[in-house]
Amino acid sequence: MDYMSEYKRWLSRAELSEQERAELAAIENNNEEIESRFFAPLSFGTAGLRGVLGVGLNRMNRFTVGQATQGLANLIIGGGKQQMDRGVAIAYDSRHFSPEFARLSASILAASGIKALLFDELRPTPELSFAIRHYGCIAGINITASHNPKEYNGYKVYWEDGAQLPPKEADVVAREMAATDLFTGVRTGDFDEFVQNGMIRMLGQETDEAYLTEVLAVAVNPDCVKQVADEFKLVYTPFHGAGYRLVPEILKRLGYKHILCVPEQMVIDGDFPTVASPNPENKEGFNLAIELAKQNGVDLIIGTDPDADRTGIVLKDKSGEYITLSGNQVGVLLIDYVITAKNLTGTMPRHPAVLKSIVTTEMARAAAEKNGVACFETFTGFKFLAEKIKEFEKTGSHEYIFAFEESYGYLCGDYARDKDAVTASMLIAEMAAYYRTQGKTLYDAMEEMYEKYGYYCEQTISIVMPGVSGLARMKELMQELRDTPLTEVGGVKVDFIRDYQPGTRTGVQDGKTEAMELSGQNVLYYELSGGTSFIIRPSGTEPKVKVYIMAKGENKAEAAAKVEKLAAAAREIVK
C-alpha cells in the first residue's frame with residue numbers, strides 16, 4: 001500500500017471533522033508518523049482490532065470502528081433474518097472514545113437491520129459474554145483495550161456461545177472490511193430514533209442482577225466467609241475501570257462486611273491518572289492500595305484491570321512487606337482451593353478437569369493431577385480455552401472446574417466464555433476466608449503449595465518491537481529461529497523443539513519428528529535438559545515478542561536461578 005497516497009486521500013475527505021483534519025495536517029512533514037498511520041489497515045483477527053487512538057488507517061477511530069462493524073453486520077446478514085433478529089450485545093470500558101464507539105456500532109448494526117443490545121454504561125467484559133448467552137444473541141462487541149496503556153483502544157468481537165469470534169467467521173469479517181470503503185460503505189442513522197423504534201435496546205440493572213446471580217452461584221463454600229466476616233478486611237481497586245460497581249457488590253453478597261475501595265481509583269477515567277499502566281501485573285499500580293492496606297491492617301488487596309477481565313492480588317508476607325503474586329501463583333492457589341472446597345462440599349463432578357494454556361505453569365498440572373483431576377492445555381487466549389469447554393460439553397468426557405492463563409485471567413462456572421475478574425475476585429476472597437478459618441493467610445497457603453507440588457518458578461519477558469520495522473523484525477526473528485534452530489539456551493541443552501505452526505515436536509539429537517495435537521500458531525517451544533521450558537511467541541495484540549521461561553528445582557533458589565540464567569539468554573536471542 002502507498003501510505004502517502006492513502007494519507008492524502010484521508011486529508012481530502014469531507015467526512016473528516018475539522019479536528020480530525022487538523023490532526024492529520026499536523027504530521028504532514030513527519031514521514032515516519034505518516035507511514036505508521038497509513039502503511040496498512042489495522043489487522044482484524046479472532047481478537048478483533050486493537051491499536052493506538054488517532055486518525056488514520058492503522059489507528060482506532062470512528063472510521064476503522066465503523067468499517068469493522070459493517071463487516072460484522074455483513075457476516076450476520078449473510079446468516080439470514082433469524083441471525084439478524086437475535087441481535088448483537090455491545091459493552092465498553094472506561095477508555096477514551098469507548099462510549100462513542102459503542103453507540104456508533106449500535107447505530108451501524110441498526111441501520112443494517114440488526115438489533116443491538118447496548119449497555120447503558122461501562123461494564124465488565126465477562127458480563128458481555130454472559131449477556132450474549134443470556135439473551136441468545138448471535139454476537140457481541142466489546143470496546144476495550146484491556147490492560148493496555150491509555151493511548152490504546154480496541155474492538156473485540158464475540159460469537160453466539162459468548163467466546164471470541166472463531167477463525168472462520170473472523171475471516172469473513174476481514175474480507176467484508178476489505179471490501180467496504182471506510183467513508184462511503186458504512187450504513188448508519190440516528191441513534192435516538194433507533195432506540196425509539198426498538199432497533200437499539202438499552203441494557204441496565206436487570207442484566208447486572210442476572211449476571212451477579214450466576215456469579216454468586218459459582219461460590220463453592222461461602223459459609224467460610226460468614227465465619228470471618230466480622231473481622232476480615234480487604235482492599236479493592238478497579239484501576240479507574242469497569243469493575244468499580246460489580247466487584248464490591250459481589251463481595252458484599254458473598255458476605256464480606258469490610259471492603260475498602262481505593263477512592264482515587266474508583267473514579268472512572270480513561271487517562272488512568274494514578275497509575276503508569278492500568279495493569280494488575282504491575283505492583284506500581286497498587287501503591288495507593290498498599291497505603292490504604294497499611295493504614296487499616298489489611299493483608300489482602302485485589303485489583304482488576306479496566307475491563308474487569310484480569311485480576312491481580314497483593315499479599316502481606318511474613319516480614320510485613322506487601323508482595324504481588326504472579327498470575328501463575330494465583331491460578332495454582334485457586335486450583336488447589338476449588339478442588340479442596342468441592343471435595344469438602346461434595347460438589348466435585350465425576351470427571352473433573354482443569355484447563356490452562358501452553359505458556360502457563362506446569363505447577364497447575366501437578367496441583368490438578370496429584371488430586372485426581374485431569375489437566376488439559378490449549379493455545380494462549382481464552383478463546384481456545386472456551387473451545388475446549390465447548391468440546392467437553394459435546395463429548396461429555398470431562399467437566400471443567402477451573403480454567404486460567406498466566407496473564408491473570410481466570411474462569412469458573414458455565415455462564416460465560418471469557419475470563420472474569422468479578423468471579424475471580426469473589427473466589428479469591430472466599431479462598432482467603434477459608435484459610436483464615438484455618439489460621440492461615442494466602443501467603444502461608446502459597447508457601448504450602450510449593451511444599452505440596454514442587455518448587456516452580458516462571459518469568460515472562462516482553463520485548464517491544466514498535467512500528468513498521470518492529471512488525472518486520474518479529475517475522476524475521478521467527479523465521480531465523482526456524483531456519484537455524486537453537487541447540488542450547490544459556491548453556492542449557494535443547495532436547496526437543498515444538499513448533500506449533502505445523503504442529504511438530506522434533507528431537508534435537510536424532511532429528512526425529514512427531515505430530516502434536518495442537519497446530520496453527522506461531523509459537524516455538526524449547527524443552528531444555530532438566531525439565532525447563534523456554535517459549536517464544538509474538539503477541540497477537542501488541543507490538544512485542546513474549547518469552548516465557550518455566551523451571552522447576554529442588555528448592556525455590558534453584559528454580560529461580562534457572563529462570564534468571566535463561567532470562568539473560570532471552571534478551572540475547574530476541575533482539
- Task: Evaluate region 210-219: report whether one residue or more is of a type in the set (A, V, I, L, M) and touching a strand residue (DSSP E or B) at 6+ places or on another chain (Cβ under 9 Å).
- Result: no
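For every residue, the table says whether it meets (1) over 22 Å from Ala432 (Cα atoms); (2) outside any loop (DSSP other than H, G, I, E, B); (3) in contact with a Ser or Thr (Cβ under 9 Å, 6 or more places away or on another chain).
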site	(1), (2), (3)
Asp269	yes, no, yes
Leu288	no, yes, yes
Leu292	no, yes, yes
Ile302	no, yes, yes
Gly320	no, no, no
Val330	no, yes, yes
Leu333	no, yes, no
- Task: List every residue pair whose Cβ atoms sit under 7 Å apart, with the two residues 6 or more apart in sequence or on different chains, where the first one lies in region 479-497 and is in a loop (DSSP other than H, G, I, E, B) and the second, anywhere, is open to solvent by less than 70 Å² (accessible area, probe 1.4 Å).
- Result: Pro485/Ile497; Leu486/Val494; Leu486/Tyr526; Thr487/Val494; Thr487/Val508; Gly490/Leu566; Gly490/Ala568; Gly490/Ala569
- Which listed residue, of Glu281, Glu264, is in contact with a Ser or Thr (Cβ under 6 Å, 6 or more places away or on another chain), open to solvent by 10 Å² or more (accessible area, probe 1.4 Å) and not hydroxyl-bearing (Ser, Thr, Tyr): Glu264
- Message: Which condition from (1) open to solvent by 10 Å² or more (accessible area, probe 1.4 Å); (2) outside any strand (DSSP E or B); (3) under 30 Å from Gly48 (Cβ atoms) is the one that Glu377 breaks?
- Response: (2)
- How do the pairs read when you match residues in region 186-197 that are more than 13 Å from Leu117 (Cα to Cα) and open to solvent by less than 90 Å² (accessible area, probe 1.4 Å) with residues anywhere that are part of a loop (DSSP other than H, G, I, E, B) and modelled with pLDDT of 95 or more, using Cβ under 9 Å and keeping only pairs 6 or more apart or on different chains? Val186/Thr180; Gly189/Met199
- Query: Can you find even one residue in region 16-23 that is over 26 Å from Ala421 (Cα atoms), in contact with a Leu (Cβ under 8 Å, 6 or more places away or on another chain), surrounded by fewer than 17 Cβ atoms within 10 Å (Cβ to Cβ) and among the hydrophobic types (A, V, I, L, M, F, W, C)?
  - Reply: no
- Note on the structure: With criteria (1) within 23 Å of Leu109 (Cβ to Cβ); (2) modelled with pLDDT under 95, Met1 comes up short on (1)
- Task: Look at Gly162 and say whether it is in a loop (DSSP other than H, G, I, E, B) and either aromatic (Phe, Trp, Tyr) or surrounded by fewer than 17 Cβ atoms within 10 Å (Cβ to Cβ) (or both).
- Result: no
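So, in region 442-460, exactly how many residues are touching a residue at least 40 places away in the same chain (Cβ under 8 Å), assigned to a helix (DSSP H, G or I) and not small (Gly, Ala, Ser)?
Step one: filter region 442-460 for residues touching a residue at least 40 places away in the same chain (Cβ under 8 Å), giving 442-443, 445-446, 449-450, 452-460.
Checking which are assigned to a helix (DSSP H, G or I) leaves us with 442-443, 445-446, 449-450, 452-453.
Going one step further and asking which of them are not small (Gly, Ala, Ser), we end up with 442-443, 446, 449-450, 452-453.
Going through region 442-460 one residue at a time, the tally reaches 7.
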- Task: Could you tell me whether any residue of region 374-393 is of a type outside the set (S, T, N, Q), closer than 24 Å to Glu448 by Cα and touching a residue at least 60 places away in the same chain (Cβ under 8 Å)?
- Result: no
- Query: Do we have any residue at all in region 438-458 that's in contact with a Ser or Thr (Cβ under 9 Å, 6 or more places away or on another chain) and open to solvent by less than 10 Å² (accessible area, probe 1.4 Å)?
  - Reply: no
- Determine whether Gly439 is more than 24 Å from the chain's Cα centre (by Cα), in contact (Cβ under 8 Å) with a residue 40 or more places away in the chain and on the phi > 0 side of the Ramachandran plot. no
- Message: With the structure loaded, tell me whether Glu176 is in a helix (DSSP H, G or I) and either touching a strand residue (DSSP E or B) at 6+ places or on another chain (Cβ under 6 Å) or exposed (fewer than 12 other Cβ atoms within 10 Å of the Cβ) (or both) or whether it fails that test.
- Response: no
- Note on the structure: Here the residues within region 1-39 that are within 13 Å of Gly56 (Cβ to Cβ) and aliphatic (A, V, I, L, M) are Met1, Met4, Leu11, Leu16, Leu24, Ala25, Ala26, Ile27, Ile34
- Note on the structure: Among the residues of region 113-150, the number that are open to solvent by less than 10 Å² (accessible area, probe 1.4 Å) and part of a loop (DSSP other than H, G, I, E, B) is 9
- Any residue in region 447-461 that is at pLDDT 95 or above and within 16 Å of Leu300 (Cα to Cα)? yes
- Query: Restricting to region 238-261, what's the tally of residues that are over 28 Å from Leu53 (Cα atoms) and either over 23 Å from the mean Cα position of the chain (by Cα) or not in a helix (DSSP H, G or I) (or both)?
  - Reply: 10
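Quick check on Phe63: is it open to solvent by less than 30 Å² (accessible area, probe 1.4 Å), of a type outside the set (A, V, I, L, M), touching a strand residue (DSSP E or B) at 6+ places or on another chain (Cβ under 8 Å) and not in a strand (DSSP E or B)? Step through it out loud before you land on a result.
Details: open to solvent by less than 30 Å² (accessible area, probe 1.4 Å): yes; of a type outside the set (A, V, I, L, M): yes; touching a strand residue (DSSP E or B) at 6+ places or on another chain (Cβ under 8 Å): no; not in a strand (DSSP E or B): yes.
No, not satisfied.
When the residues of region 479-515 are narrowed to those that are among the hydrophobic types (A, V, I, L, M, F, W, C) and under 23 Å from Ala551 (Cα atoms), which ends up most open to solvent (accessible area, probe 1.4 Å)?
If we filter region 479-515 for residues that are among the hydrophobic types (A, V, I, L, M, F, W, C), which is where we start, we get 481, 486, 489, 492, 494, 496-497, 508, 515.
From what is left, the residues that are under 23 Å from Ala551 (Cα atoms) are 481, 486, 489, 492, 494, 496-497, 508.
Values: Leu481: 16, Leu486: 29, Val489: 1, Val492: 34, Val494: 1, Phe496: 71, Ile497: 26, Val508: 46 Å².
For region 479-515, the residue satisfying everything is Phe496.
So if I check each of Asp85, Asp2, which one is within 31 Å of the chain's Cα centre (by Cα), farther than 28 Å from Ser146 by Cα and open to solvent by 50 Å² or more (accessible area, probe 1.4 Å)? I'd like the intermediate steps shown before the answer.
Numbers: Asp2 fails: within 31 Å of the chain's Cα centre (by Cα).
Unique residue meeting the criteria: Asp85.
The values are calculated or read from the model by the stated rules, or taken from the named source; none is laboratory data. Remember, predicted model here, so these are calculated numbers, not experimental data. A quick note on method: Cβ atoms are made from the backbone with ideal geometry, for glycine too, and the neighbour counts reach across all protein chains shown. Areas reflect the complete protein model, heavy atoms only, side chains present, ligands, DNA and RNA absent. Shrake-Rupley method; radii C 1.70, N 1.55, O 1.52, S 1.80 Å.
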